[in-house]
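Accompanying notes for the structure given below.
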There are 2 protein chains.
Amino acid sequence: MERLVVIGGDAAGASAASQARLRRPPGELEVVVLERGTYTSYSACGIPYWVGGLVDGPDALIARSPEEHRRRGVDVRTGTEAEGIDLDRREVAVRDRATGAASRLGFDQLVIATGATPVRPPLPGIDAPGVHGVQTLDDGRALIDALAPDRTRAVVIGGGYIGIEMAEAMKLRGLDVTVLDRGAQPMSTLDPDMGVLVHEQMEAMGIDVVTHADVQAVETGPDGRVRAVVTADGTYPADLVVLGMGARPNTGLAREAGLPLGDSGGLRTDLRMRVWGGDPRHAGIWAAGDCVEVLNLVSGRFQHIALGTHANKQGRVAGMNIGGGYATFPGVVGTAVSKVCDLEIARTGLREKDADAAGFAYETATIQSTGRAGYYPGADKMTVKMLAERTTGRLLGVQIVGRDGAAKRIDVAAVALTARMTVEDLTALDLGYAPPFSPVWDPILVAARKAAQKVGAADRV
Amino acid sequence: MERLVVIGGDAAGASAASQARLRRPPGELEVVVLERGTYTSYSACGIPYWVGGLVDGPDALIARSPEEHRRRGVDVRTGTEAEGIDLDRREVAVRDRATGAASRLGFDQLVIATGATPVRPPLPGIDAPGVHGVQTLDDGRALIDALAPDRTRAVVIGGGYIGIEMAEAMKLRGLDVTVLDRGAQPMSTLDPDMGVLVHEQMEAMGIDVVTHADVQAVETGPDGRVRAVVTADGTYPADLVVLGMGARPNTGLAREAGLPLGDSGGLRTDLRMRVWGGDPRHAGIWAAGDCVEVLNLVSGRFQHIALGTHANKQGRVAGMNIGGGYATFPGVVGTAVSKVCDLEIARTGLREKDADAAGFAYETATIQSTGRAGYYPGADKMTVKMLAERTTGRLLGVQIVGRDGAAKRIDVAAVALTARMTVEDLTALDLGYAPPFSPVWDPILVAARKAAQKVGAADRV
């Protein structure tokens with residue numbers, strides 16, 4: 001019987017296993033998932049909300065447990081680490097983490113879904129008790145267990161998505177929060193002129209944001225626990241430290257096996273999620289999720305984006321193909337949404353520096369509007385920045401910072417980028433209008449009007 | 001000096017006047033707006049929220065007053081009715097409503113922005129005190145003035161957008177509300193299987209909804225005021241009656257002048273909003289707003305849609321063209337959003353009966369999901385129905401009924417319809433994901449997956 005081995009049982013791996021299972025009968029295809037941890041199919045994105053006390057965890061964050069997968073005919077082996085991939089013998093070297101027992105498992109098809117590894121710089125004290133990552137459910141549990149009335153000061157290192165979400169979580173738990181970011185502004189996935197809005201609003205919420213922070217060490221007390229975070233410019237007392245510095249593709253196994261990695265360090269696949277480096281031994285090797293790099297459809301470049309929604313889509317595509325269907329993951333446009341307390345943040349497409357790097361000549365337009373008719377209760381200010389290619393008017397990117405209803409407006413831009421629309425096209429879009437939901441000119445349209453004028457189409461729109 | 005005359009000073013007319021004014025100096029173009037009422041540029045869509053007490057009116061609903069227009073160089077003449085258009089002499093016959101004085105005003109360019117007229121069937125008692133339309137600010141004021149502690153029962157005739165919004169307004173004012181709708185379900189802009197969800201939820205809110213209601217008369221008491229609404233099947237006591245039966249294009253002047261009307265009764269224009277019926281005398285005649293019909297880009301058919309967002313866009317396009325620019329209004333995809341209390345309702349594209357009428361063979365897919373990650377606080381159920389062309393998979397329409405965050409998700413479908421995407425294309429869209437904003441598979445994507453399976457592309461998506 002043919003055997004599919006999946007390395008990694010979270011979003012991408014479990015989706016691939018499930019789809020392959022659905023499409024090919026158990027008598028024809030054996031599906032084995034090797035998971036080094038104890039959970040499968042969980043929402044890592046939900047951890048900040050669990051830590052913040054908004055969500056009961058960890059069970060609520062688990063979409064499908066190992067037992068549920070097994071009931072559906074997927075042989076999930078938790079506590080089982082893949083230690084090597086032998087392409088010649090088509091075997092995975094496996095170790096049982098509890099017993100230490102080593103074994104080998106043959107495969108016909110292999111899905112590499114090894115995820116990403118949080119960045120954890122080799123600073124003095126980084127491994128001290130009280131320094132927490134937030135990638136796994138065990139991480140979340142450890143952080144919640146570390147909360148105590150006398151631990152009142154949290155320092156979050158990194159002001160990206162995880163950083164701001166964890167700042168909110170610590171704030172919700174009543175701690176004083178300081179975010180240390182190495183950039184000129186938090187949220188480096190935005191242009192600095194939009195990031196500054198996030199910075200200002202976080203300060204207004206009582207979250208201390210330190211920019212240009214060059215973190216040099218984690219200082220520990222006599223008990224060995226974290227006591228402060230030391231930067232080049234100052235020392236920040238801390239009872240808890242949260243690491244939110246992003247993640248890198250976890251591709252050690254793949255690299256050792258000689259599989260092709262892209263410039264971002266992620267596995268490179270084709271549209272069907274096949275790993276292919278020109279070597280016939282790569283046939284039947286698939287990859288999906290945070291360990292791969294994705295094609296950005298706007299820049300035409302590959303990049304690494306660790307995001308659950310891509311992992312789910314890619315895993316599903318791999319599983320459908322393994323199951324005998326035909327499916328593709330065409331790429332991304334770089335959409336991301338987040339929030340810190342009630343401030344919503346969204347982006348898609350290219351920032352100015354991405355557009356520069358990709359060689360576009362472009363114009364920018366930034367407008368302020370509201371998410372509802374100006375007179376409707378709860379109408380809050382929203383800032384929209386739009387990038388458009390100078391001569392053609394092609395939409396290149398949008399960034400939004402605002403409150404109620406701001407973030408998901410980015411989806412309009414995501415679809416427009418996918419369809420390669422111009423900003424002039426955008427001005428005519430038939431978007432939903434009613435006073436509780438939008439001004440009569442949706443903020444996206446207002447930005448598009450201004451962008452269209454700036455690209456020189458003023459007389460045509 | 002050239003003179004532009006605009007008939008109607010609300011959204012479309014005022015936008016056209018403003019744009020033309022901006023683009024051509026006062027010494028070159030005189031801009032005269034004839035407005036029969038006393039207000040300009042107001043949000044009729046906001047009236048239900050003013051009546052409901054959510055918004056202070058009427059000033060908040062006025063985007064730009066006649067005085068503000070005048071300061072910007074637009075000669076707004078309120079209380080001034082256009083009574084006829086003489087294409088041969090290029091004059092408008094004008095009457096001052098206060099003095100009754102008649103005059104004639106020559107034009108070089110003419111914008112017809114006469115709006116729509118609420119449907120008001122010639123039933124016995126329809127003009128009795130206590131029966132209210134809600135189209136103008138004066139209507140809103142009259143209804144608010146009619147609220148009184150002993151007037152506790154409101155009957156709303158019509159269960160469309162205005163009807164349900166006014167039902168909410170009356171509910172907010174503490175009245176018992178009955179909505180009479182002639183159809184099988186309220187919200188006939190949805191398919192009946194989606195309308196029934198609105199019906200059920202309105203009943204759950206304590207709003208009585210009577211379907212298949214054949215309204216025959218408004219019954220008045222000895223004081224001449226409304227007392228009840230009589231249908232073929234029963235009599236509904238009423239202290240106040242609100243008419244919400246939609247509106248028809250107000251094209252009497254245009255018809256008398258021999259200008260071309262479409263099947264919907266609205267003025268037909270080209271993409272630049274020029275009225276053109278093949279007669280050279282039509283040169284320089286423009287139309288915009290609720291008095292025109294629009295091209296539905298999905299069905300390829302013209303229809304009448306009275307909606308402020310279209311009126312604003314069309315007026316702007318006409319004004320830009322009159323001002324010497326080049327602008328077009330390419331058409332609509334039929335997007336509309338609304339709400340009744342906390343229930344959000346959205347639609348775009350074609351319903352089943354529209355698809356039938358347009359000759360499409362299609363599949364439908366209906367799914368339930370949530371507007372946030374299922375575990376995130378406030379995650380509410382959302383129902384999404386999607387129509388796709390059977391063989392090609394082309395997206396034809398989407399309808400959504402749900403709560404927090406449901407309505408504006410329709411914008412994704414609106415853009416996808418504009419770009420003529422397939423439902424398979426939709427499954428790969430890079431929409432914003434974070435637990436407070438969406439499940440890892442956005443409800444639109446879940447619906448697209450199911451629709452793609454049903455159109456026979458199951459093995460390819």
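The values are calculated or read from the model by the stated rules, or taken from the named source; none is laboratory data. All figures in this text were calculated on a predicted structure; none of them were measured in a lab. Every residue, glycine among them, receives a Cβ derived from its backbone with ideal geometry; neighbour counts consider all protein chains shown.
When every residue of segment B:323-332 is checked against the conditions, at least one turns out to be surrounded by fewer than 19 Cβ atoms within 10 Å (Cβ to Cβ), closer than 20 Å to B:Leu22 by Cα and polar (S, T, N, Q).
Let's see how each residue does on (1) under 28 Å from A:Ala167 (Cβ atoms); (2) in contact with a Pro (Cβ under 7 Å, 6 or more places away or on another chain); (3) in contact (Cβ under 8 Å) with a residue 12 or more places away in the chain; (4) not aliphatic (A, V, I, L, M):
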| position | (1), (2), (3), (4) |
| --- | --- |
| A:Gly349 | yes, no, yes, yes |
| A:Lys353 | yes, no, yes, yes |
| A:Gly374 | no, yes, yes, yes |
| A:Val384 | yes, yes, yes, no |
| A:Glu389 | no, no, yes, yes |
| A:Leu395 | no, no, yes, no |
| A:Arg403 | yes, no, yes, yes |
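For segment B:44-63, residues that are part of a helix (DSSP H, G or I) and at the interface with chain A (Cβ under 7 Å from one of its Cβ atoms) total 5.
Which ones in segment B:333-366 are among the hydrophobic types (A, V, I, L, M, F, W, C), outside any loop (DSSP other than H, G, I, E, B) and surrounded by fewer than 19 Cβ atoms within 10 Å (Cβ to Cβ)?
If we filter segment B:333-366 for residues that are among the hydrophobic types (A, V, I, L, M, F, W, C), which is where we start, we get B:333, B:336-337, B:340-341, B:343, B:345-346, B:350, B:355, B:357-358, B:360-361, B:365.
Filter again for outside any loop (DSSP other than H, G, I, E, B), leaving B:336-337, B:340, B:343, B:345-346, B:355, B:357, B:365.
Of everything in segment B:333-366, just one residue is among the hydrophobic types (A, V, I, L, M, F, W, C), outside any loop (DSSP other than H, G, I, E, B) and surrounded by fewer than 19 Cβ atoms within 10 Å (Cβ to Cβ), namely B:Ala357.
Within segment B:223-277, the set of residues being outside the structural domain of B:Val156 (by TED's automatic domain parsing), among the acidic types (Asp, Glu) and either modelled with pLDDT under 95 or touching a strand residue (DSSP E or B) at 6+ places or on another chain (Cβ under 9 Å) (or both) comprises B:Glu256, B:Asp263. Checking each residue in segment B:415-428 for being surrounded by fewer than 24 Cβ atoms within 10 Å (Cβ to Cβ) and either among the small types (Gly, Ala, Ser) or under 27 Å from A:Arg372 (Cα atoms) (or both) picks out B:Ala419, B:Ala428. Against the numbered list (1) in the same structural domain as B:Met166 (by TED's automatic domain parsing); (2) not hydroxyl-bearing (Ser, Thr, Tyr); (3) not in a loop (DSSP other than H, G, I, E, B), B:Ala82 comes up short only at (1).
Somewhere in segment B:164-175, is a residue assigned to a helix (DSSP H, G or I), within 14 Å of chain A (Cβ to nearest Cβ), surrounded by 19 or more Cβ atoms within 10 Å (Cβ to Cβ) and small (Gly, Ala, Ser)? Scanning segment B:164-175, I find at least one residue that is assigned to a helix (DSSP H, G or I), within 14 Å of chain A (Cβ to nearest Cβ), surrounded by 19 or more Cβ atoms within 10 Å (Cβ to Cβ) and small (Gly, Ala, Ser), so the answer is yes.
Select the strands (runs of 3 or more DSSP E) contained entirely in segment B:88-140, then report the ones holding at least 3 residues which are farther than 30 Å from B:Gly52 by Cα.
On the way: elements: B:91-96, B:102-106, B:109-112, B:116-118.
By residue number, B:91-96, B:102-106, B:109-112.
I'd like to verify a number: residues in segment B:410-420 that are more than 7 Å from chain A (Cβ to nearest Cβ) and either touching a helix residue (DSSP H, G or I) at 6+ places or on another chain (Cβ under 8 Å) or assigned to a helix (DSSP H, G or I) (or both), how many? Full working, then the answer.
So in segment B:410-420, the residues more than 7 Å from chain A (Cβ to nearest Cβ) come out as B:413, B:417, B:420.
When the remaining residues are screened for being either touching a helix residue (DSSP H, G or I) at 6+ places or on another chain (Cβ under 8 Å) or assigned to a helix (DSSP H, G or I) (or both), the result is B:413, B:417.
Within segment B:410-420, residues that are more than 7 Å from chain A (Cβ to nearest Cβ) and either touching a helix residue (DSSP H, G or I) at 6+ places or on another chain (Cβ under 8 Å) or assigned to a helix (DSSP H, G or I) (or both) number 2.
Restricting to segment B:306-333, count the residues that are touching an Asp or Glu at 6+ places or on another chain (Cβ under 7 Å) and facing another protein chain (nearest Cβ under 8 Å).
Our first condition is that a residue be touching an Asp or Glu at 6+ places or on another chain (Cβ under 7 Å); within segment B:306-333, this holds for B:306, B:311, B:325-326, B:332-333.
Narrowing the set further to residues that are facing another protein chain (nearest Cβ under 8 Å) leaves B:325-326, B:332-333.
The number of residues fulfilling the criteria is 4.
For A:Ser299, the conditions (1) out of contact with any Phe, Trp or Tyr (no Cβ under 8 Å at 6 or more places or on another chain); (2) in a helix (DSSP H, G or I); (3) over 18 Å from B:Tyr433 (Cα atoms); (4) of a type outside the set (A, V, I, L, M, F, W, C) are fulfilled apart from (2). A single member of A:Gly405, A:Gly397 is touching a Phe, Trp or Tyr at 6+ places or on another chain (Cβ under 9 Å) and closer than 30 Å to B:Ala44 by Cβ, and it is A:Gly405.
When restricted to residues that are touching a helix residue (DSSP H, G or I) at 6+ places or on another chain (Cβ under 8 Å), closer than 26 Å to A:Gly27 by Cα and without any contact (Cβ under 8 Å) to a residue 60 or more places away in the chain, segment A:318-334 contains 2. Taking the numbered list (1) more than 8 Å from chain B (Cβ to nearest Cβ); (2) closer than 30 Å to B:Asp56 by Cα; (3) not charged (D, E, K, R) in turn, A:Thr391 passes all entries but (2).
A quick yes/no check of all residues on (1) touching an Asp or Glu at 6+ places or on another chain (Cβ under 7 Å); (2) within 14 Å of chain A (Cβ to nearest Cβ):
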| position | (1), (2) |
| --- | --- |
| B:Ala257 | no, no |
| B:Ser264 | yes, no |
| B:Arg274 | no, no |
| B:Gln303 | yes, yes |
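Please find, among A:Ala327, A:Ala288, A:Ala311, the residue that is outside the structural domain of A:Ile410 (by TED's automatic domain parsing), at pLDDT below 95, in contact with a Gly (Cβ under 9 Å, 6 or more places away or on another chain) and among the hydrophobic types (A, V, I, L, M, F, W, C). Residue meeting the stated conditions: A:Ala327. Screening the candidates B:Ala434, B:Ala379, B:Ala452 for the property of being more than 8 Å from chain A (Cβ to nearest Cβ), of a type in the set (Gly, Ala, Ser) and either assigned to a loop (DSSP other than H, G, I, E, B) or surrounded by fewer than 23 Cβ atoms within 10 Å (Cβ to Cβ) (or both) yields one hit, B:Ala379.
Of the residues B:Ala128, B:Ala116, B:Ala146, only one is crowded, with 16+ Cβ neighbours inside 10 Å, at pLDDT 95 or above and under 28 Å from B:Ala407 (Cβ atoms); which? Give the derivation first.
Details: B:Ala128 fails: under 28 Å from B:Ala407 (Cβ atoms); B:Ala146 fails: under 28 Å from B:Ala407 (Cβ atoms).
Checking each option against the conditions leaves just B:Ala116.
Number of residues in segment A:325-335 that are hydrophobic (A, V, I, L, M, F, W, C) and farther than 14 Å from A:Ala311 by Cα: the value is 2.
Within segment A:15-43, restricting attention to residues that are within 12 Å of chain B (Cβ to nearest Cβ) and surrounded by 24 or more Cβ atoms within 10 Å (Cβ to Cβ), the residue that is farthest from A:Glu168 (Cα to Cα) is A:Ser15.
From A:Gly159, A:Gly115, A:Gly130, grab the single residue that is in contact with a strand residue (DSSP E or B) (Cβ under 7 Å, 6 or more places away or on another chain) and either within 26 Å of B:Tyr376 (Cα to Cα) or without any contact (Cβ under 8 Å) to a residue 24 or more places away in the chain (or both). First the steps, then the outcome.
Values: A:Gly115 fails: in contact with a strand residue (DSSP E or B) (Cβ under 7 Å, 6 or more places away or on another chain); A:Gly130 fails: either within 26 Å of B:Tyr376 (Cα to Cα) or without any contact (Cβ under 8 Å) to a residue 24 or more places away in the chain (or both).
Answer to the check: A:Gly159.
Exactly one residue out of A:Ser369, A:Ser338 is small (Gly, Ala, Ser) and either within 10 Å of another protein chain (Cβ to nearest Cβ) or free of Cβ contacts under 8 Å to residues at least 24 places away in the same chain (or both): that is A:Ser338. Quick check, is A:Ile207 crowded, with 23+ Cβ neighbours inside 10 Å, farther than 22 Å from A:Ile126 by Cβ and β-branched (Val, Ile, Thr)? Yes.
Find the residue count for segment A:210-227, including only residues that are buried (at least 20 other Cβ atoms within 10 Å of the Cβ) and either closer than 21 Å to A:Thr366 by Cα or more than 24 Å from the chain's Cα centre (by Cα) (or both). Count: 3.
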